[in-house]
Amino acid sequence: MLVVVKSDYDDMSRTAAQIVSELVRKKPDCVIGFATGSTPLGTYKELIRLHREEGLDFSKVTTFNLDEYVGLPPSHPQSYHYFMWENLFKHINVDKRFVHIPQGMANDVELFCEWYEEKIEKAGGIDLQILGIGANGHIAFNEPGSSLGSRTRIKTLDELTKRDNARFFEKDEEVPKYAITMGVGTIMDAKELLLLASGSQKADAIKQTVEGPITALYPATIVQMHRKATIVCDEDAASLLTRKYSGYLS
Ligand code: PGA
């Protein structure tokens with residue numbers, strides 16, 4: 001695992017976008033796993049800039065998003081469909097036929113989850129999976145206690161996650177209780193992982209992920225087992241790492 005510590009959020013975002021853009025240039029028909037949340041927004045802004053100013057071409061890229069809330073239609077401003085189109089997809093030349101985001105309104109969620117797994121496999125697997133991290137150690141919506149071998153499925157959201165999300169909804173009862181999420185095993189099958197973290201509120205999560213014991217109670221710790229995982233974070237998120245030596249490149 002490579003831990004890259006950058007000075008601040010913008011620097012982190014540029015580094016992450018560079019990793020993504022290098023892949024797109026090297027393999028124009030690559031498969032990218034995208035994440036939602038506030039952390040990757042700067043990375044997406046930089047990818048949009050690279051598309052506009054340097055002609056970074058996404059027309060052959062296939063995308064798979066990590067998760068989506070159950071019960072929110074794609075048009076809902078808090079849905080991850082809406083998030084991805086507003087913050088990235090509509091600003092780049094991605095082909096919408098190649099975009100995959102879990103269907104929060106699927107009639108048969110179980111069948112949908114099987115289909116999603118098959119779709120990833122048929123696309124040749126995910127080349128690069130972008131990840132955020134929850135303050136409770138979740139990756140995607142794999143909350144503490146998630147099986148480290150899990151596949152795409154429906155998950156009940158953790159109390160902490162619901163509290164974190166409540167700010168986006170007018171009423172508490174509107175905050176989704178369930179999500180469809182790629183499993184930890186699905187994420188680990190990606191050929192490369194790129195985990196982003198910014199700010200002191202993520203410092204403990206990064207410390208656990210990099211230096212803590214691997215445990216399902218902290219799903220992000222499984223990243224230690226991945227063959228090619230890069231954590232790009234800012235100094236605040238890296239502030240609790242105790243083994244900051246040259247192995248953590250900046
Ligand atoms: P954030 O969320 O980027 O909004 O902090 C990350 C996550 O919960 O996975």
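So is residue 55 at pLDDT 95 or above, at positive phi and surrounded by fewer than 22 Cβ atoms within 10 Å (Cβ to Cβ) or not? Taking the combined requirement at face value, the residue satisfies it. Restricting the search to helices (runs of 4 or more DSSP H) fully inside the range 146-228 and requiring at least 2 residues that are more than 14 Å from the ligand (Cβ to nearest atom) and within 25 Å of residue 103 (Cβ to Cβ) gives 184-188. Within the range 59-98, if we keep just the residues that are of a type in the set (Phe, Trp, Tyr) and within 22 Å of residue 28 (Cβ to Cβ), the residue that is surrounded by the most Cβ atoms within 10 Å (Cβ to Cβ) turns out to be 64. Return the residues of the range 104-130 that are surrounded by fewer than 21 Cβ atoms within 10 Å (Cβ to Cβ), more than 16 Å from the chain's Cα centre (by Cα), part of a loop (DSSP other than H, G, I, E, B) and not hydrophobic (A, V, I, L, M, F, W, C); say none if nothing qualifies. Across the range 104-130, the qualifying residues are 107, 108, 124. Exactly one residue out of 179, 190, 216, 166 is crowded, with 17+ Cβ neighbours inside 10 Å and out of contact with any strand residue (DSSP E or B) (no Cβ under 7 Å at 6 or more places or on another chain): that is 216. Working only within the range 31-46, note down all residues that are under 16 Å from residue 93 (Cα atoms) and out of contact with any strand residue (DSSP E or B) (no Cβ under 7 Å at 6 or more places or on another chain). The answer is 44, 45, 46. The numbered conditions (1) surrounded by 14 or more Cβ atoms within 10 Å (Cβ to Cβ); (2) away from the ligand (no atom under 16 Å from the Cβ); (3) farther than 14 Å from residue 219 by Cα are all true for residue 101 except (2). Residues considered: 82, 44. Of these, the only one that is free of Cβ contacts under 8 Å to residues at least 12 places away in the same chain and within 16 Å of the ligand (Cβ to nearest atom) is 82.
Only one of the numbered conditions (1) among the β-branched types (Val, Ile, Thr); (2) part of a loop (DSSP other than H, G, I, E, B); (3) more than 16 Å from the ligand (Cβ to nearest atom) is violated by residue 133, and that is (3). Any residue at all in the range 177-198 that is in contact with a helix residue (DSSP H, G or I) (Cβ under 9 Å, 6 or more places away or on another chain), within 23 Å of residue 11 (Cα to Cα) and not aliphatic (A, V, I, L, M)? Yes, the range 177-198 contains at least one residue that is in contact with a helix residue (DSSP H, G or I) (Cβ under 9 Å, 6 or more places away or on another chain), within 23 Å of residue 11 (Cα to Cα) and not aliphatic (A, V, I, L, M). Among residues of the range 106-127 that are in contact (Cβ under 8 Å) with a residue 12 or more places away in the chain and over 11 Å from residue 186 (Cβ atoms), those with a beta-carbon under 7 Å from a residue that is polar (S, T, N, Q) and outside any loop (DSSP other than H, G, I, E, B) at least six positions away or on a different chain give the pairs 123/62. Of the residues making up the range 21-41, those that are away from the ligand (no atom under 16 Å from the Cβ) and of a type in the set (A, V, I, L, M, F, W, C) are 23, 24, 30, 31, 32. Residue 200 meets all of the listed conditions (1) within 26 Å of residue 30 (Cβ to Cβ); (2) of a type in the set (Ser, Thr, Tyr); (3) touching a Ser or Thr at 6+ places or on another chain (Cβ under 7 Å) but one, namely (1).
The values are calculated or read from the model by the stated rules, or taken from the named source; none is laboratory data. These figures come from a predicted structure and were not determined experimentally. Backbone-built Cβ (ideal geometry, glycine too); neighbour counts: all protein chains shown.
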